[in-house]
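The values are calculated or read from the model by the stated rules, or taken from the named source; none is laboratory data. None of the values given here were measured: they were computed from a predicted structure. Cβ placement follows ideal geometry from the backbone for every residue including glycine, while neighbour counts extend to all protein chains displayed.
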């Protein structure tokens, strides 16, 4: 199990108002499952322990994805936590952060995933064919 915590996510987002711990925990659970599913496995298709993604990369991908999910929630709940005069500032801020976290999440997923299931292994086999 990875060590992504609600505090990690709150710190990444500068501890905004309006994030529920239970929501963050659930998002972490969902995104960890996704990250583990797409990550290259050390025992599959020529992937070795030296080129399989390590825990730090998988945790980083999870954090970026959860932060993006939280920003989406914050954008939707800005009216509930900020006054009329503050809403537009926070709405724009969260939207800009969401763009940055989306880009980072894509980059981290690309680091751990096997793109388009393109992994392959090479090797030699013996044959019964003889030269003429």
Subject >> Search result, residues across segment 1-22 that are touching a residue at least 12 places away in the same chain (Cβ under 8 Å) and assigned to a helix (DSSP H, G or I) >> reply: 6, 8, 9, 10, 12, 21
Original post:
For segment 41-58, does any single residue satisfy the condition of being surrounded by 15 or more Cβ atoms within 10 Å (Cβ to Cβ), under 19 Å from the mean Cα position of the chain (by Cα), at pLDDT 85 or above and in a helix (DSSP H, G or I)?
Top reply: yes
